[in-house]
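The values are calculated or read from the model by the stated rules, or taken from the named source; none is laboratory data. Since this is a predicted model, take the numbers as computed values, not measurements. FYI the Cβ positions are ideal-geometry reconstructions off the backbone, even for glycines, and counts take in every protein chain you see.
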Amino acid sequence: MITTKWYPTDRASLERDSTLEFFIAGGPGGQHRNKVESGVRLIHRPSGVTATATERRSQYANREAAFERLAERLQRLQRIETPRIATRPGAASRERRLQAKRHTSLSKQRRTTAIHRDE
């Protein structure tokens, strides 16, 4: 996926271009986590990408984690993936595969001949 717009991922640009929301995170962590708005949601306005962090009881720690996640997602979104060039197996790998098939076939033949020889 190639995006036409490139977004800067440095911290100052992310702080300028993002909407910061705080919410009650919930889950384990006691009264402090259940009553305080320690969950952080970042919405990158130009791209619409969101990142949330709720794993810490500290709003500051969650904000740092959310900014890191947002930068990582924007970088992943902007990465240009080169198409894979289909290649054929080389002669040595083809020979190894055929040798393994011959070995398997031989061991199976030995099993069936040993069973039928007794009859």
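Given the conditions (1) exposed (fewer than 14 other Cβ atoms within 10 Å of the Cβ); (2) under 21 Å from the mean Cα position of the chain (by Cα), and given that R45 satisfies all but one, which numbered condition is not satisfied?
For R45, the failing item is (2).
Scan segment 37-96 for residues that are in contact (Cβ under 8 Å) with a residue 40 or more places away in the chain and among the hydrophobic types (A, V, I, L, M, F, W, C) and report the count.
Counting residues in segment 37-96 that are in contact (Cβ under 8 Å) with a residue 40 or more places away in the chain and among the hydrophobic types (A, V, I, L, M, F, W, C) gives 6.
Looking only at segment 22-76, which residues are part of a loop (DSSP other than H, G, I, E, B) and either within 26 Å of K5 (Cα to Cα) or polar (S, T, N, Q) (or both)?
Correct list: S38, R45, P46, S47, G48, V49, T54, S58.
For A65, state whether it is under 30 Å from I24 (Cα atoms), surrounded by 10 or more Cβ atoms within 10 Å (Cβ to Cβ), at pLDDT 95 or above and of a type in the set (G, A, S).
So A65 fits the description; yes.
Residues of segment 6-21 being hydrophobic (A, V, I, L, M, F, W, C), part of a helix (DSSP H, G or I) and over 16 Å from E72 (Cβ atoms), which ones?
Residue satisfying the conditions is A12 alone.
Of the conditions (1) in a helix (DSSP H, G or I); (2) at pLDDT 95 or above; (3) under 30 Å from G27 (Cα atoms), A92 satisfies every one except a single condition; which number is it?
Looking at each condition in turn, A92 falls short on (3).
So T113 passes all but one of these: (1) modelled with pLDDT under 90; (2) touching a strand residue (DSSP E or B) at 6+ places or on another chain (Cβ under 6 Å). Which condition number does it fail?
All conditions are met except number (2).
Name the pairs whose Cβ atoms lie under 7 Å apart, with the first residue in segment 1-28 and among the hydrophobic types (A, V, I, L, M, F, W, C), the second modelled with pLDDT of 85 or more and assigned to a loop (DSSP other than H, G, I, E, B), and 6 or more positions between them or separate chains?
Going by the 7 Å Cβ cut-off, the qualifying pairs are I2/I80; F22/E37; F23/E37; I24/E37; A25/S38; A25/T54.
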